Amino acid sequence: MSVETLISIDSRVALLQRVWADSFRTVLGQVAGFPVTVEPESEVGPAVAEDKTGVWVLFAASKSLHGEMAILSTEAGALPLAQILMSEPADPAVPFDKGRREAYEEFLNQVLGHLATGLKGAGCGEVEIKPSGSDAPSWPDATRTAIRITAEKFAPIRLGLVVTAELVESLQPPPEAAPPVAAATKQTPAPHPGAPSSNLELLLDVGLEATIRFGQKQMLLREILDLHPGAAISLDRRLEEPVDLLIGGRMVARGEVVIVDGNYGLRITEIVSPQQRIESLRV
């Protein structure tokens, strides 16, 4: 009879792995145009330093974190990500040439921006992460874990995440969840100020119109009458600025446009308090 030994991943490595996966998911949601699934994998153990045949991209962390890490892929795994960024159809037969290698590295650069934001949101403070090379590293004490990307349009991609011991040590373990409140002492949440609990309960199933506003512009009547198919209207909002979420014609949140299962969606980055949301819906 064999006994399988379960290896639990270090909470600090698990935190970094999760934020990387979230960052890949965000970028793919913005640029892929079709459903993509990104999941952390459970592999953990010493990194294989002699693996020099893959596509390595190294990164150095500074400010609140210190150390290095790397993303390791095969050419077959890096190719679909490069093709997504280049708006090419997924084709495993095309070569992973210099141009597609650069596109793959640019894809990872876009992931980096979300990675720094995600680490800050996870309690790691201000982090700066920059590319630091593309040669296979020699990190004898590094740890490897992995991220898996799947979609119908390409074969599953497995990306190795290799992290130096120095970087692991500089990461703070994620805060533990607060213990559950005992049933005997659990209290019913107080109703929102200004909204009686019984009345609010009656309204929770009321349907409201939600609208995403990319921007607005004042136009003369003659300009409106001159509109025709193909005409372009410049709005008052730049591409990198968040868009507004309107409920019942009033703004309650802002965020970034993403693709969700082939449809446009909104990832919320700013939102007003519950009380402000209720107040904004009052006539």
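The values are calculated or read from the model by the stated rules, or taken from the named source; none is laboratory data. Fair warning: this is a prediction, and the values are worked out from it, not measured in the lab. Positions of Cβ are generated from backbone atoms using ideal geometry, with glycine treated the same way; all protein chains shown enter the neighbour counts.
Structural remarks
- Residue 82 meets the stated requirement of being free of Cβ contacts under 8 Å to residues at least 40 places away in the same chain and farther than 25 Å from residue 11 by Cβ.
- Filtering region 234-263 to residues that are closer than 13 Å to residue 30 by Cβ, of a type in the set (D, E, K, R) and free of Cβ contacts under 8 Å to residues at least 60 places away in the same chain leaves only 240.
- If the condition is being under 14 Å from residue 25 (Cβ atoms) and either of a type outside the set (A, V, I, L, M, F, W, C) or surrounded by fewer than 20 Cβ atoms within 10 Å (Cβ to Cβ) (or both), then region 91-110 contributes only 110.
- Among residues of region 73-129 being among the acidic types (Asp, Glu) and in a helix (DSSP H, G or I), the one that is nearest to residue 149 (Cα to Cα) is 75.
- When residues of region 85-110 are limited to those that are aliphatic (A, V, I, L, M) and touching a residue at least 40 places away in the same chain (Cβ under 8 Å), the one farthest from residue 35 (Cα to Cα): 108
- The set of residues in region 1-17 that are modelled with pLDDT of 85 or more and crowded, with 16+ Cβ neighbours inside 10 Å comprises 12, 13, 14, 15, 16, 17.
- Test result for residue 40, touching a residue at least 60 places away in the same chain (Cβ under 8 Å) and more than 27 Å from residue 262 (Cα to Cα): no
- Scan of region 130-150 for residues that are of a type in the set (Gly, Ala, Ser), surrounded by 14 or more Cβ atoms within 10 Å (Cβ to Cβ) and assigned to a loop (DSSP other than H, G, I, E, B), ordered by number: 136, 142
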